[in-house]
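Worksheet: one structure, shown below.
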Amino acid sequence: MYNSEAYKAVYDRFEMRRIKKEKEAEENRKKAVAAVPQIETIDAKLVALATEAVRKSLGNEPQSVKKRAVRELKEKSVELQAQKIELLVTGGFPEDFLDEKYSCRRCGDKGFVNGKMCDCFRKELNRECYMRTKLASIIEEQNFKNFDLDYYDDEMIPEYGRSARENMKLVLEYCKEYAKNFSLSSPNLLLTGQPGLGKTFTSSSIAKEVIDRGFYVLYDSWQTILARMENAKFKNSGDDVSDILGCELLIIDDLGAEFKTQFSESALYNVINTRLVAKKPTIISTNLMPEELSETYHERICSRVLGEYTTIVFLGTDIRLQKLQRASGRKKKKAAERQQTR
Ligand SMILES: [Zn+2]
């Protein structure tokens, strides 16, 4: 069975998209009618024809008469549709301007066909459940509540004009606000800094909050995203990778750890650029500092990331190492105590 929260989130998302599409369709119709008023007359005729067809087919006349009448009405309707398209084109609109455009033809983006879950819904639900478990395992260890600022140095870093602890406090505040107010006009973020300073934790916390607010978020390491794109392109894996470009928030973890090839560079450019053009926010987290980024990737990638992303620098000393050192320190202390009591 599916996780009910994940199910609800996906269900709400389908609903939200449907409403948005209906609104767009309504607006397109208004535009078309304003420019070409005859369209309204044709639409009224089309409705009348459809009603007439139903009335005829329910009537008492012999079957053959009914059939012929309905066929004639259909022909008239096709003629009117053609007239409508002609009017649209003369009015300067594309001929499919008033057609309903679905990403899934099977269910018309409703997510269900005759009460049964459509594949497109199931796919999104699977990914949602997977994401939730994946994020859950990260968040369990670290989350905003048990985040310990004590691991960050209090010593002022002249280069940044603040200590690592002050810096992390600001980063946390910014990211909490970002997640709370996330929308499609939110900025793109570049989280950069040495390993073990809480970048993954911060980005996964943002992911969780934004998912809970009903947005379609994709969160994964760049290596995994890249592998999916590669398999889809070269191995015909059948994996639908449209979510990478199409999701509302893409969080790329650990950029720079991948094996670099011509394909990986062009895939990265494609993802970054397409999402920028489509105005869909992306968060990139990387151990590379901005200057290292320029040494690692092509200029057309760097100029977009450094020019269009808000850079957030993580400062401090590797927390995982500190934890290990503290743990081994405790062990040594205990061993020393045991020695003494002997
Ligand atoms: Zn479908």
TODO: Give me a count of the residues in the range 288-313 that are in contact with a Ser or Thr (Cβ under 8 Å, 6 or more places away or on another chain) and basic (K, R).
DONE: 0
Task: Qualifying residue in the range 193-204 (condition: within 16 Å of the ligand (Cβ to nearest atom), in contact with a helix residue (DSSP H, G or I) (Cβ under 9 Å, 6 or more places away or on another chain), aromatic (F, W, Y) and closer than 25 Å to V271 by Cα) - done: no
Task: Members of the range 258-296 found to be open to solvent by 10 Å² or more (accessible area, probe 1.4 Å), over 22 Å from the mean Cα position of the chain (by Cα) and within 23 Å of V313 (Cα to Cα), listed by number - done: N287, L288, M289, P290, E291, E292, S294, E295, T296
- [ ] Given the conditions (1) closer than 24 Å to D318 by Cβ; (2) in a loop (DSSP other than H, G, I, E, B); (3) without any contact (Cβ under 8 Å) to a residue 60 or more places away in the chain, report the number of the one that G238 does not fulfil.
- [x] (1)
TODO: Find all pairs meeting these conditions: Cβ atoms under 6 angstrom apart; at least six residues apart or on different chains; first residue within the range 193-211 and under 19 Å from F182 (Cβ atoms) and among the hydrophobic types (A, V, I, L, M, F, W, C); second residue open to solvent by less than 10 Å² (accessible area, probe 1.4 Å) and in a helix (DSSP H, G or I).
DONE: I206/C175; I206/A179; A207/L135; V210/A179
- [ ] Would you mind finding the one in L184, L172, L190 that is modelled with pLDDT of 85 or more, crowded, with 21+ Cβ neighbours inside 10 Å and within 16 Å of T310 (Cβ to Cβ)?
- [x] L190
TODO: Test each condition in (1) free of Cβ contacts under 8 Å to residues at least 60 places away in the same chain; (2) within 16 Å of the ligand (Cβ to nearest atom); (3) over 21 Å from the mean Cα position of the chain (by Cα) for C118 and report the one that comes out false.
DONE: (3)
TODO: Give the residues of the range 189-210 that are among the aromatic types (F, W, Y) and assigned to a loop (DSSP other than H, G, I, E, B), sorted by residue number.
DONE: none
TODO: Looking only at the range 88-111, count how many residues are surrounded by 14 or more Cβ atoms within 10 Å (Cβ to Cβ) and more than 8 Å from the ligand (Cβ to nearest atom).
DONE: 5
Task: So Y178, is it of a type in the set (F, W, Y), open to solvent by 90 Å² or more (accessible area, probe 1.4 Å), closer than 21 Å to D253 by Cα and not in a loop (DSSP other than H, G, I, E, B) - done: no
TODO: Could you please find all residues in the range 268-297 being over 13 Å from S185 (Cα atoms) and polar (S, T, N, Q)?
DONE: N270, N273, T274, S285, T286, N287, S294, T296
- [ ] Would you confirm whether any residue within the range 124-142 is within 25 Å of E24 (Cα to Cα) and either more than 16 Å from the ligand (Cβ to nearest atom) or in a helix (DSSP H, G or I) (or both)?
- [x] yes
Open item on the list: Out of L135, L149, L125, I need the residue that is aliphatic (A, V, I, L, M), touching a residue at least 12 places away in the same chain (Cβ under 8 Å), surrounded by 11 or more Cβ atoms within 10 Å (Cβ to Cβ) and farther than 30 Å from L197 by Cβ. Which one?
Closed with: L125
Open item on the list: So, D318, is that one touching a strand residue (DSSP E or B) at 6+ places or on another chain (Cβ under 6 Å), open to solvent by less than 50 Å² (accessible area, probe 1.4 Å) and not aromatic (F, W, Y) or not?
Closed with: no
Task: Filter pass, G198 being farther than 28 Å from R304 by Cβ and open to solvent by less than 70 Å² (accessible area, probe 1.4 Å) - done: no
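The values are calculated or read from the model by the stated rules, or taken from the named source; none is laboratory data. It should be emphasised that the depicted structure is a prediction, and the values quoted were computed from it without experimental measurement. No Cβ is skipped: glycine too gets one built from the backbone with ideal geometry, and neighbour counts run over all protein chains shown. Ligands, DNA and RNA are stripped out before the accessible areas are found, and what is left, the full protein with its side chains, is counted by its heavy atoms. Shrake-Rupley method; radii C 1.70, N 1.55, O 1.52, S 1.80 Å.
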